[in-house]
1. Go through Ile94, Ile67, Ile39 for me and flag whichever is surrounded by fewer than 19 Cβ atoms within 10 Å (Cβ to Cβ) and outside any helix (DSSP H, G or I).
2. What are the residues in region 1-36 that are aliphatic (A, V, I, L, M) and assigned to a loop (DSSP other than H, G, I, E, B), if any?
3. Does region 23-43 hold any residues that are in contact with a Pro (Cβ under 9 Å, 6 or more places away or on another chain) and closer than 15 Å to Ala277 by Cβ, and which are they?
4. Looking only at region 223-234, decide whether some residue is within 15 Å of ligand 1 (Cβ to nearest atom), assigned to a loop (DSSP other than H, G, I, E, B) and surrounded by fewer than 14 Cβ atoms within 10 Å (Cβ to Cβ).
5. Out of (1) more than 26 Å from Ile110 (Cβ to Cβ); (2) out of contact with any Ser or Thr (no Cβ under 9 Å at 6 or more places or on another chain); (3) away from ligand 2 (no atom under 16 Å from the Cβ), what's the single condition that is false for Val225?
6. What residue, of Gly210, Gly263, is surrounded by fewer than 19 Cβ atoms within 10 Å (Cβ to Cβ) and under 27 Å from Phe137 (Cβ atoms)?
7. Only helices (runs of 4 or more DSSP H) wholly contained in region 116-200 count here; list those with 2 or more residues that are touching a residue at least 40 places away in the same chain (Cβ under 8 Å) and closer than 27 Å to Gly280 by Cα.
Amino acid sequence: MSAEVINGKDLSYELKQEMKEEVNVLKHKGLTPHLTVIIVGDNPASKSYVRGKQKASDEVGISSDVIELPASTSEEELLQIITELNNDSTVHGILVQLPLPEHIREESVIVSIDPSKDVDGFHPVNIGRMMTGEDTFLPCTPAGIITMLKSKNIEISGKHAVVLGRSNIVGKPVGQLLLNENATVTYCHSRTNDLKAFTKQADILVVALGIPEMINDTHLKEGAVVIDVGINRLDDGSLTGDVDFDRAKEVTSYITPVPRGVGPMTITMLLKNTIKAARGLSGN
Ligand SMILES: NC(=O)C1=CN([C@@H]2O[C@H](COP(=O)(O)OP(=O)(O)OC[C@H]3O[C@@H](n4cnc5c(N)ncnc54)[C@H](OP(=O)(O)O)[C@@H]3O)[C@@H](O)[C@H]2O)C=CC1
Ligand SMILES: Nc1nc(=O)c2c([nH]1)NC[C@@H]1CN(c3ccc(C(=O)N[C@@H](CCC(=O)O)C(=O)O)cc3)C=[N+]21
């Protein structure tokens with residue numbers, strides 16, 4: 001089988017063209033969507049992602065700013081800044097780049113963000129809404145994955161979707177969104193016995209482990225759809241996914257590459273959420 005590659009960069013480009021027009025309409029009404037990103041400490045990967053988010057915002061006409069805080073910032077100081085942004089009506093979306101330094105509790109920061117400005121979709125209120133299938137900010141990486149599947153008219157309903165990984169930002173919510181689309185969902189994680197017994201059954205396999213090229217053709221059923229979420233920086237500076245692309249593509253029907261796969265879609269969904277936040281959750 002020769003696989004069709006789902007290029008997230010190309011799909012992002014198309015979606016950004018549409019969003020640019022939506023933003024223009026809002027601007028004519030006197031409303032410029034604004035995203036504020038907070039970054040604590042100087043993790044080079046985080047800085048590079050934040051630059052990517054700013055560049056993409058610029059491309060569609062969303063205004064953005066970045067608040068850079070030293071790694072020594074206390075949790076209290078960070079919460080104070082978030083409170084100010086919650087109260088600032090010119091700020092529509094707030095994103096706190098993860099991971100945070102160890103002395104700051106991620107959960108306290110996430111719950112402090114006004115759910116109506118939570119463009120990451122990480123606030124428990126928005127997670128609850130996602131679970132019940134209400135309209136809300138969907139977490140960006142999972143929403144990007146569903147958008148990629150739909151862009152190729154890949155059937156989700158009735159399919160067996162196997163998710164490798166159960167983090168709060170990727171694994172758990174992508175399984176929930178696949179369930180909302182009527183897939184039968186299995187989660188695997190580090191305590192799963194006999195991983196291959198599950199991956200072999202997958203019609204749709206989402207891999208979010210953080211282990212370079214752990215999954216290959218021997219894990220897959222012929223014709224499977226493989227979504228590689230992993231972003232692993234190798235010693236030579238190159239990026240690779242959690243899937244051995246060259247081997248896997250010999251058996252898959254569709255596969256996403258790394259780079260230019262899920263990563264760009266994550267950013268594009270953030271832009272979508274920011275426009276939604278500017279309009280107000282109920283939409284107008
Ligand atoms: N493309 C994008 O936009 C994004 C990419 N990423 C990338 O996706 C990957 C996953 O990210 P994230 O979810 O945050 O990572 P986490 O480290 O939070 O979660 C990894 C998951 O993989 C599971 N796992 C680890 N080792 C094994 C194993 N040997 N067998 C089975 N399961 C295992 C863990 O299980 P357990 O729960 O038991 O520990 C955990 O659930 C990373 O490479 C990250 O960089 C992340 C966010 C966005
Ligand atoms: N609050 C928060 N929200 C996030 O959404 C968030 C986060 N914290 N912390 C880190 C992860 C990771 N993440 C990525 C975004 C874009 C690419 C991306 O664009 N990747 C490009 C390559 C970029 C490069 O070359 O470095 C690609 O795959 O083609 C990757 C990863 C968002 N995350």
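Every number in this text was worked out from the coordinates using simple rules, so none of it is lab data. Computed from a predicted structure; not experimentally measured. Here the Cβ positions follow ideal geometry from the backbone for every residue, glycine too, while neighbour counts run over all protein chains shown.
1. Details: Ile94 fails: surrounded by fewer than 19 Cβ atoms within 10 Å (Cβ to Cβ); Ile39 fails: surrounded by fewer than 19 Cβ atoms within 10 Å (Cβ to Cβ).
Only one candidate qualifies: Ile67.
2. From region 1-36, those aliphatic (A, V, I, L, M) are 1, 3, 5-6, 11, 15, 19, 23, 25-26, 31, 35; that's our starting set.
Scanning region 1-36 gives Met1, Ala3, Ile6, Leu31.
3. Val23, Leu26
4. Kept after step one, since they are within 15 Å of ligand 1 (Cβ to nearest atom), are these residues of region 223-234: 226-234.
Within this subset, residues satisfying the condition of being assigned to a loop (DSSP other than H, G, I, E, B) are 229-231, 234.
Checking the rest, the ones that are also surrounded by fewer than 14 Cβ atoms within 10 Å (Cβ to Cβ) come to 234.
Yes: region 223-234 contains one or more residues that are within 15 Å of ligand 1 (Cβ to nearest atom), assigned to a loop (DSSP other than H, G, I, E, B) and surrounded by fewer than 14 Cβ atoms within 10 Å (Cβ to Cβ).
5. Tallying (1) more than 26 Å from Ile110 (Cβ to Cβ); (2) out of contact with any Ser or Thr (no Cβ under 9 Å at 6 or more places or on another chain); (3) away from ligand 2 (no atom under 16 Å from the Cβ), Val225 fails exactly one: (2).
6. Values: Gly263 fails: surrounded by fewer than 19 Cβ atoms within 10 Å (Cβ to Cβ).
Testing whether each residue is surrounded by fewer than 19 Cβ atoms within 10 Å (Cβ to Cβ) and under 27 Å from Phe137 (Cβ atoms) leaves just Gly210.
7. Output list reads 124-132, 140-151, 171-180.
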